[in-house]
Amino acid sequence: MIGIRELRADLAAIVRRAGSGQPVVVSVGGTPVARLGPVDEVLDASITPPRRTDPPRLGVPVAIWSGVRLDRALKELRG
């Protein structure tokens with residue numbers, strides 16, 4: 001059993017562990033509330049592939065000076 005704080009702190013590793021077949025029980029305040037485990041064969045049919053198959057269209061990179069706050073840089077770029 002794993003506490004919610006530990007789950008939040010190490011989510012990626014715990015999800016990989018559950019995906020590899022080891023069930024993980026999550027508790028809140030010492031009470032089990034959820035179980036993580038691998039996806040069943042039946043559920044695989046409910047997972048749909050993405051609608052878009054083309055590669056993402058990335059914009060032109062913008063040079064940002066070191067020390068510039070991101071919110072101010074975005075405001076300047078967006079007008």
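Restricting to the range 4-24, give me the number of residues that are surrounded by 12 or more Cβ atoms within 10 Å (Cβ to Cβ) and either free of Cβ contacts under 8 Å to residues at least 24 places away in the same chain or over 19 Å from the mean Cα position of the chain (by Cα) (or both).
Looking only at that region, the number is 10.
Scanning the range 24-35 for residues that are touching a helix residue (DSSP H, G or I) at 6+ places or on another chain (Cβ under 9 Å) and either part of a loop (DSSP other than H, G, I, E, B) or not aliphatic (A, V, I, L, M) (or both) yields Ser27, Gly29, Arg35. The test for being out of contact with any Ser or Thr (no Cβ under 8 Å at 6 or more places or on another chain), of a type outside the set (Asp, Glu) and outside any helix (DSSP H, G or I) does not hold for Ala18.
Is it the case that some residue within the range 58-78 is of a type outside the set (Phe, Trp, Tyr), within 24 Å of the chain's Cα centre (by Cα) and not in a loop (DSSP other than H, G, I, E, B)? Scanning the range 58-78 turns up at least one residue that is of a type outside the set (Phe, Trp, Tyr), within 24 Å of the chain's Cα centre (by Cα) and not in a loop (DSSP other than H, G, I, E, B).
Somewhere in the range 45-55, is a residue assigned to a helix (DSSP H, G or I) and either surrounded by 10 or more Cβ atoms within 10 Å (Cβ to Cβ) or among the small types (Gly, Ala, Ser) (or both)?
Checked against the condition, which is being assigned to a helix (DSSP H, G or I) and either surrounded by 10 or more Cβ atoms within 10 Å (Cβ to Cβ) or among the small types (Gly, Ala, Ser) (or both), the range 45-55 yields no hits at all.
Of all residues in the range 23-79, those satisfying the criterion of being under 28 Å from Ala9 (Cβ atoms) and modelled with pLDDT under 85 are Val39, Asp40, Leu43, Ile47.
The values are calculated or read from the model by the stated rules, or taken from the named source; none is laboratory data. All values derive from a computational prediction rather than experimental measurement. Positions of Cβ are backbone-derived with ideal geometry, glycine not excepted, and every protein chain shown enters the neighbour counts.
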